Amino acid sequence: MEENKEIEAIEDVKAYTIEDYVQSQVPNSKISDKVMRGILADSNVEERTPLAEVDERGKDLTVAYLYKRIAMNPISSQKVTDRDADWEHSEGNEIWSRQQLQQFLVLARKLLSKWGISDEALESIAPKWGFVGRGHRNVRTFKRR
C-alpha cells in the first residue's frame with residue numbers, strides 16, 4: 001500500500017519538460033505557445049517531452065532556434081507589477097539591446113554550426129551598427145546615425 005502511494009506521488013510530480021528548459025533560458029520573458037511549438041518543430045523535438053529524454057543535440061537546437069527567434073524579432077517582455085499599500089514589486093519589461101541581440105545571433109550560430117547546420121537567415125544578418133570612435137556609427141560606412 002505504501003509502495004502504491006510512492007508511485008502515485010512520483011506520477012503526480014510534473015516532469016521537467018523541454019518547454020520548461022527552453023523557457024528557463026530567458027526567465028524574464030514569456031514564450032508564447034505558438035512560438036514554442038515552432039521552436040520544437042524546427043528542432044524535431046516532441047512537445048511535453050521530459051528533458052531527461054532529450055539528447056544534447058535536441059537541447060542545443062531548441063536553444064539555438066529560441067535565440068534566433070529573439071534576435072530576429074526584437075522583443076520586450078511584459079511588465080508585471082504587484083502592489084499592496086506602500087509595497088511594490090515589478091518583474092519583466094525587459095528590452096533587448098542591439099548588443100544583446102547580436103550575442104543571441106552569435107550563440108545561435110555556434111550551436112547550429114556545432115551540429116553542422118547552416119541557417120541562411122542567420123548568415124544573411126551581419127552586424128550593421130557598432131561603437132566606432134565617438135558614438136554609434138554604421139560599421140560599413142562609418143557614418144553617424
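The values are calculated or read from the model by the stated rules, or taken from the named source; none is laboratory data. Being a predicted model, the structure only gives us computed values, none of them experimental. In this analysis, Cβ positions are derived from the backbone assuming ideal geometry, glycine residues included, and neighbour counts consider all displayed protein chains. Calculation scope for accessible area: heavy atoms of the full protein, side chains included, ligands and nucleic acids excluded. Shrake-Rupley method; radii C 1.70, N 1.55, O 1.52, S 1.80 Å.
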Open item on the list: Modelling each spin label as a point 7 Å along the Cα-to-Cβ direction, I'd like the ASN28/ARG48 distance in nm, to one decimal.
Closed with: 3.2 nm
Open item on the list: Heavy atoms only, 1.4 Å probe, whole protein assembly: order MET72, MET36 by accessible area, highest first.
Closed with: MET72, MET36
Task: Cβ-Cβ FRET estimate between ASN73 and ASP20, R0 fixed at 25 Å, reported to 0.05 - done: 0.70
Task: Rounded accessible area of ASP33 (nearest 10 Å², 1.4 Å probe) - done: 100 Å²
- [ ] Would you kindly derive the ³J(HN,Hα) couplings of region 48-62 from the backbone phi angles with the Karplus curve 6.51 cos²θ - 1.76 cosθ + 1.60 (θ = phi - 60°), listing them in order in whole Hz, with x for Gly and Pro?
- [x] 6, 7, x, 4, 4, 8, 9, 6, 4, 4, x, 4, 4, 5, 5
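Relative to the present Cα-Cα distance, how much length would full extension add between ILE95 and ALA41 at 0.36 nm per residue of separation? Intermediate results must be reported in sequence, preceding the final value.
On the way: separation 54, 0.36 × 54 = 19.44 nm, distance 2.65 nm.
Value of the extension gain: 16.8 nm.
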TODO: Hey, can you grab everything whose amide H is under 5 Å from the amide H of THR17? Only 5+ residues off in sequence or another chain; H modelled, so Pro and N-termini drop out.
DONE: LEU51
